[in-house]
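Presented below is the structure to which this report refers.
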Amino acid sequence: MGFFSDIGKKTSETTSKIARETKLKMKINENKGKINDIYKEIGEKVYSKHVKGENLDIKTDLNEECSKLDTLCKEIEDARIEILKLNQKKLCQNCSAEIESNAQFCPKCGQKQNEEQPTVKEEALEKLENSDIAPEKQEEAAEVKEELKEEIANETENNNQ
């Protein structure tokens, strides 16, 4: 029974990872569409000022749109990093190439990777340990913590082989 239980658990984890990745990719695409709409708004404002012969002051005339763009770009970058973590990858600290999360050097530029970035499971464990948990959920939380610790230990062991 343990074999089938393990297969079921791995299938469930994989499905969950794929679903999360798909949601993140949909959010990225949605934000890219919003960015294109904002670019259109900016273009219309600039052209309108041109036709009217008015001077364009980017700070005052386009500040709101630029703030929206900044927010959307940050959301896209956060989602992209989360997708990398789900796939056990990270960005090179020097050239921003996608590399394996346990890589010590970037295969593209050769830069040594200084700081280990925590995996999704390590981040989840940290959040769980730092959260206030309702008394009726303490036992369940303890079980989840132990599962996460075991999975992290197994992944670390596999990476070191």
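The numbers here are math on the coordinates, done by the rules we state, and not lab data. No experiment lies behind these values; they were computed from the predicted model shown. All Cβ positions, glycine included, derive from the backbone under ideal geometry; neighbour counts span all protein chains shown.
Key figures for this structure:
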read-out	value
Gyration tensor (alpha-carbon) shape descriptor, segment 118-161, a/c threshold 1.5	oblate
Lone cysteines, the chain (no partner Cβ under 4.7 Å)	CYS66, CYS73
The chain: relative contact order in percent, alpha carbon pairs under 8 Å with at least 6 residues between	15 percent
Gain in span if fully extended, VAL120 to GLU157, counting 0.36 nm per residue against the direct Cα distance	11.7 nm
Filtered GluC sites (Glu not before Pro), segment 1-84: DSSP coil and at most 11 other beta carbons within 10 Å	GLU54
Inter-label distance, nm, simple model (7 Å from Cα along the C-beta direction), GLU98/GLU147	2.8 nm
Residue among ASN102, ILE58, ILE83 farthest towards the positive dipole end of the chain, charges placed on Cβ	ILE58
Average Cα contact separation per residue, segment 1-86, under 8 Å, 6 or more apart, as relative contact order %	48 percent
Gain upon complete extension [LYS17, GLU41; 0.36 nm per residue less C-alpha separation]	5.0 nm
Nearby aspartates and glutamates by direct alpha-carbon distance to LYS52 (threshold 17 angstrom, same-chain neighbours under 8 apart not counted)	GLU41, GLU44, ASP61
Structure-derived Rg and Dmax of the Cα atoms in Å: which label, when the choices are (1) 22.4, 78; (2) 14.1, 44; (3) 14.8, 44	(1)
Cut-off under 5 Å, modelled amide H: who pairs with ASN94 long-range	none
Under the span-like rule (Cα at least 20 Å along the axis, Kyte-Doolittle mean at least -0.5), DSSP H helices of the chain	63-86
